[in-house]
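One structure is given here, and the rest of the page talks about it.
The values are calculated or read from the model by the stated rules, or taken from the named source; none is laboratory data. If you're wondering where the values come from, they're calculated on a predicted model, not measured in any experiment. Cβ placement follows ideal geometry from the backbone for every residue including glycine, while neighbour counts extend to all protein chains displayed. For the accessible areas, the whole protein counts, side chains as well, though only heavy atoms, and no ligand, DNA or RNA atoms are used. Shrake-Rupley method; radii C 1.70, N 1.55, O 1.52, S 1.80 Å.
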Amino acid sequence: RNRREKKQREKKQKIRISMATTMQRSTRLGTQHRGVKSSWSCRVARHQRQRLVAANASKVFVVNTPGGGHAVLGFHLAKQLTADGHEVTIMVPGEESSDKMKKEPFSRFDELRDMGVTTVWGSPADCAAAAGSGSYDVVVDNNGKDLDTCQPVIDWAVSQGAKQFLYVSSAGIYQPSVTPPHLEGDAVKESASHVSVENYLKSASVEESIFRPQYITGDANNKDCEEWFFDRIARGRPVPIPGDGMSTTNVAQVEDMAKMMCLSVENEAAFGGLFNCVSDRGVTLNGIVKLCAEAAGVSDVEIINYDPEEVGVEGKKAFPFRYTYHFFSEPRAAITKLGMTYERSLGDALKERWAAYVASGRAEKDMSSKFELDDKIIAAVKETVNA
C-alpha cells in the first residue's frame, strides 16, 4: 500500500509539471479560459478563407439544441457555413435568458454574430416566428430526437420552399453488428425515435441529407467526452475501463463533422444521402486512455479493466461510453460521395483539448465526490486480485 501511495504521489508530481508546462505554452499562445486556439484551428481558418465562395451562396436556417453534445456541432457548423459565404441564422429553442445560455457554446455566440450570423431564440413548433420574413434554401435540424419535435420543423421548411433539409440523427440507432464497422444502410433499431424522423423526412417534399454522429470532441463542447479521462489522469488516479478495454468506438472532431455537413449543402451528391458523421478511424477504450495520457504528458497511466457485474456496479453509471460491443461507424458515404477528407489525428486533437482542460482550471478542482464509484471498483478489483 505504501509503495502504491508513493507511486501515486510521484505521478501527481509529474502531472503538475506537465500542467505547468502546458499553462506556460497556453499563455504564450494567448489562451483564454474559454478555449485554446491551436495551429490546427489556424490552418482550418486559413483553409476556410481560401475556399472559393460559391456564386449561389445559400440562406441557411439552423435549429440548434440548447443542451447536450450536439450543441457544439451547430456552433461550428454556423461558423464554417458563414466562412464559406452562406447567410446563416441559428435558432436555439428556449429563452436567451436561460441559465443554459451561460455555458459554452452559447456563451460564445458573440463569435458568430461578429462573423455575421443571426442568432435567435424560439420554438421548433413555430420556426416561422423566429425566422422572420424571407425564405431559406437549406434548413438544418440539429435539435430534435423524435417526430413530435422534428415534424413541425420539416413541414415549415417545405412550406417556405427549402430545397434541402439536413437532419442530425444518431449512430446509436444501429443494431449491434458481428461485422463492424457500421456502414450506411446497415440494420437499425426500428423502435428508435430518430428512425421515425428519418422515415418522415424521406417522404417529405424536400431533398434530405441525414447525418449520424457518435461521440464528439472539440472546442466549446459542453458535454464531457475526453474530460472524463482527463479528470482521472490529472490526479494520478487509475482509470477504470469496463470489459477488456478492446471494444472499439469512434470519437470525432467537431470541426470535421461540421466540414462534412458543409460539403453537403446544395450538393446534389448529398441529396437523399445518409452519412455517418464520424472520424475515419476507430479507437479502443483502452486506447482513448493512452491517447489522453500521452496528451497530458503522462507515460505510466494505470488502466484497470473490470467486469461491472463482478464488482457490483452498473456499467452505464460507471463509464460514459458503450462498452459491451464494438460501437463504431465508418464515414464511407461521405468519403465517396462528398470527397470528405481528414487532416488531424485524434491524438493531436487531444493535445489541444488537454491544454484547454488545464487552462480552464478544472485539473485543480476538488472532484473527490465524483470518484466514489471509481474507488468502489478499484477496491473490488484489488480484493479479487489479492484473494
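Criterion first (among the acidic types (Asp, Glu), touching a strand residue (DSSP E or B) at 6+ places or on another chain (Cβ under 6 Å) and in contact (Cβ under 8 Å) with a residue 60 or more places away in the chain) does Asp231 satisfy it? Considered against the rule, which asks whether it is among the acidic types (Asp, Glu), touching a strand residue (DSSP E or B) at 6+ places or on another chain (Cβ under 6 Å) and in contact (Cβ under 8 Å) with a residue 60 or more places away in the chain, Asp231 comes out as no.
Of all residues assigned to segment 126-140, at least one qualifies as being in contact (Cβ under 8 Å) with a residue 24 or more places away in the chain, in contact with a Leu (Cβ under 6 Å, 6 or more places away or on another chain), within 26 Å of Ala334 (Cα to Cα) and of a type in the set (A, V, I, L, M, F, W, C). May I ask you to verify whether Ala234 is in contact with a His (Cβ under 7 Å, 6 or more places away or on another chain), within 30 Å of Ser107 (Cβ to Cβ) and surrounded by 23 or more Cβ atoms within 10 Å (Cβ to Cβ)? So Ala234 fails the test.
Reported count of residues in segment 322-369, each being among the hydrophobic types (A, V, I, L, M, F, W, C), in a loop (DSSP other than H, G, I, E, B), out of contact with any Pro (no Cβ under 6 Å at 6 or more places or on another chain) and under 25 Å from Lys290 (Cβ atoms), is 2.
For Ala125, state whether it is at pLDDT 95 or above and either assigned to a helix (DSSP H, G or I) or charged (D, E, K, R) (or both). So Ala125 passes the test. For segment 249-272, indicate whether the set of residues that are more than 30 Å from Phe61 (Cα to Cα), touching a residue at least 24 places away in the same chain (Cβ under 8 Å), part of a loop (DSSP other than H, G, I, E, B) and open to solvent by less than 10 Å² (accessible area, probe 1.4 Å) is non-empty. The answer is no; no qualifying residue exists. In segment 89-133, the qualifying residues are those that are under 25 Å from Glu266 (Cα atoms) and polar (S, T, N, Q), and the one that is surrounded by the most Cβ atoms within 10 Å (Cβ to Cβ) is Thr89. When Tyr174, Tyr215, Tyr167, Tyr136 are checked against the criterion of being crowded, with 20+ Cβ neighbours inside 10 Å, hydroxyl-bearing (Ser, Thr, Tyr) and in contact with a Phe, Trp or Tyr (Cβ under 6 Å, 6 or more places away or on another chain), Tyr136 stands alone in meeting it. Based on this model, can you work out whether Val120 counts as not polar (S, T, N, Q) and not in a loop (DSSP other than H, G, I, E, B)? Against the criterion (not polar (S, T, N, Q) and not in a loop (DSSP other than H, G, I, E, B)), Val120 qualifies. When segment 296-309 is limited to residues that are in a loop (DSSP other than H, G, I, E, B) and either among the acidic types (Asp, Glu) or on the phi < 0 side of the Ramachandran plot (or both), the one that is least open to solvent (accessible area, probe 1.4 Å) turns out to be Ala296. When segment 338-370 is limited to residues that are closer than 23 Å to Lys316 by Cα and within 24 Å of the chain's Cα centre (by Cα), the one that is least open to solvent (accessible area, probe 1.4 Å) turns out to be Met367. Taken together, the criteria exclude Val63 from residues that are touching a Pro at 6+ places or on another chain (Cβ under 7 Å) and in a helix (DSSP H, G or I). Return the residues of segment 279-295 that are surrounded by fewer than 21 Cβ atoms within 10 Å (Cβ to Cβ) and among the polar types (S, T, N, Q); say none if nothing qualifies. Hits for segment 279-295 are Thr284, Asn286. Against the definition (closer than 30 Å to Ser209 by Cβ and hydrophobic (A, V, I, L, M, F, W, C)), how does Leu373 come out, yes or no? No; evaluated as a whole, the condition is false for this residue. Scan segment 128-156 for residues that are more than 26 Å from the chain's Cα centre (by Cα) and in a helix (DSSP H, G or I) and jot them down. Correct list: Ala128, Ala129, Ala130, Ala131, Asp155, Trp156.
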